[in-house]
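Each remark here refers to the structure printed beneath this line.
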Amino acid sequence: MDLATLCALMLVALMPLLYFAGSRRGRRRDGDRLPPGPFNLPVIGSLHRLGSLPHISLQKLSRKHGDVMHPKLGRVSAVIISSARAASEIFKLHSLQCSSKPSLICSKYFGNDSSGIIFSSYTPQVKLYRKLINTHLLSPARLRICDGIRRAASLDPSATSREIRCSCAKTYRLFGERSFCGSSQEFVRAIVETIRLVGIFNVSDYIPWLRWLDVQGLEKQYKQLTDKLNRHLFSILRDRRENPRVVTTDEEPMAFIDVLISMDELSDTTKITLLLITQDILLGAVDSSALSVEWAMAELLRHPAELSRARREIDDVVGSQRLVEDSDLPKLRYVEAIAKETLRLHQVTPLINPKLVEGGPIKLGGFTIPAGALVYLSSYAIGMDEKFWKEPLEFRPQRFIEQDIDVFGQNFHFVPFGTGRRVCPGAKLGLDTVRIGVATLVQGFDWELDQDPAKLDMAETFGLVCQKTQPLVAIPRPRLDSHVY
Ligand code: HEM
């Protein structure tokens, strides 16, 4: 049962309580000096307002109630941050108090009771794991080795989006080539399904007494999926332990899982945690970059002038006798602008994973946010703010040429990778993957649609990452000499 239907049913059942709620509403809010928000129904609060695209519903509500808005979601106090000003205030002044993830039901399953990264509180372990990712997975030397692999992955224009996701995981050399082949498609399917499930608002998180009913059937699916993921991850770990690989070559950098296994400081870490770190990287990495490349190509096919301009730039810088490489990226400013504009217009995570307010209430814009509240940063509302972005609904890469805007969480007007202590650790790799993916597809192929580009379906589906509801289907024709590919 979807959230909207469920809320409608509950509304009917709860009609008699509405009357009492209305009369008590103003009093409660004034006393607590909570931020303003929509009228909350008893029991469900504003859950019924989320709809199928919660980031858009909440953005509309925040236009009415303000950039710091307080809807009740079930019995949980939620605070939606919808402006750069409010984001800057909360993540500069109260960063530490808003760095932990809440303990949601999905985190018990997919985060093994919050012992990995994505679903965890901001503990010293999480800091260590983030450091390990930076030093060992994202080091410039390692990324250089992965460059060729990544380019080869972008070069298969006939790949389905699932295959692209699979190649993203290979690219980052999490498990090495050997263990990622064979059942990899099934494994990637499980990861993609996890990303979908984790993005759904689980009513039982907000109305805990409903949990035993599991009305959306989510907990049952969490269980099945964690079993599947664990089976696969354990078989990878068994394989790596039996056949350790400690030598790095130009063709095959050491798999990240081998790096983790060989680390002294992790010798006490349980194998479950080692696996969770790699699983969390997959959850963060697999869909995000691949979906952004898909969105970018869809926009370019709808905007042929932008496509031609990008192609001219690539042809000028790279020529036609070799393929674009990572080392060309600094000279491809328009391609970078396309990647950034895509991340603005089609935010991968339009409603950034909530953070739990810890260690007492915090003051924000004259209001009090109670401890225990969940803070949602709406990167979507911020990216659509007309006060900063002229014609925000338009795809205009040029705006990033006119203004040099940081994308890594320092400029609060543009936060596609989040901000603060939990900012995406793979942000640079993610952005570079989108840049090289788009550059390769634009340089290497002419593209044809079997429909009017203006009518291309650009609908999106909400989840942990937002994706195109209808996958992009376009026909490629090689435009360079065959020896170049
Ligand atoms: C276009 C590509 C990407 C986008 C738009 C993106 C976006 C994000 C966002 C918005 C968050 C949440 C930040 C927060 O909770 O405050 C996040 C977290 C995360 N991302 Fe990315 N990401 C991308 C690529 C990657 C890549 C390539 C990796 C891995 C190498 C990665 C690994 C992670 C991890 C592990 C987290 C959790 C961090 C934590 O909870 O401390 N992401 N990402």
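Length gained on full extension, Ser262 to His48: 72.1 nm, using 0.36 nm per residue less the C-alpha separation. Charged neighbours of Val68, selected by a Cβ distance under 10 Å, balance to -1 (K, R count +1; D, E count -1).
Given their separation in residues at 0.36 nm each and the Cα-Cα distance between them, Leu93 and Asp450 gain 123.4 nm when the chain is fully extended. Modelled label positions at Asn411 and Val473, each set 7 Å beyond Cα in the direction of Cβ, lie 3.8 nm from each other.
Between Ile105 and Ile272, the FRET efficiency estimated from the beta carbon spacing at R0 = 30 angstrom works out to 0.95.
Length gained on full extension, Asp239 to Lys363, computed as 0.36 nm times the residue gap minus the Cα-Cα distance: 39.5 nm.
Distances between placed amide hydrogens fall under 5 Å for Leu73 paired with Ser46, Ala78, all partners being 5 or more residues away or on another chain.
Net charge of the neighbourhood of Arg49, taken over other residues with C-beta under 13 Å away and scored Lys/Arg +1, Asp/Glu -1, is +3. In order along segment 434-442, the Karplus-derived 3J(HN,Hα) couplings, from 6.51 cos²θ - 1.76 cosθ + 1.60 at θ = phi - 60°, round to 5, 4, 6, x, 5, 4, 5, 5, 6 Hz, and Gly and Pro are given as x.
Taking other Cβ atoms within 10 Å as a rough exposure proxy, Asp316, Asp67 sort from fewest to most as Asp316, Asp67. Once the Cβ-Cβ distance of Lys131 and Gln403 is raised to the sixth power relative to R0 = 30 Å, the FRET efficiency obtained is 0.40. Of the peptides 292-302, 91-101, 474-484, the ranking by mean beta-carbon count within 10 Å, highest at the top, reads 292-302, 91-101, 474-484.
Summing charges over neighbours of Tyr206, with a neighbour being any other residue whose Cβ is under 11 Å away from its Cβ, gives +2 when K and R count +1 and D and E count -1.
Read the figures in this text as sums done on the coordinates, not as results from a lab. Being a predicted model, the structure only gives us computed values, none of them experimental. Glycine gets a Cβ as well: all are built from the backbone with ideal geometry, and neighbour counts include every protein chain shown.
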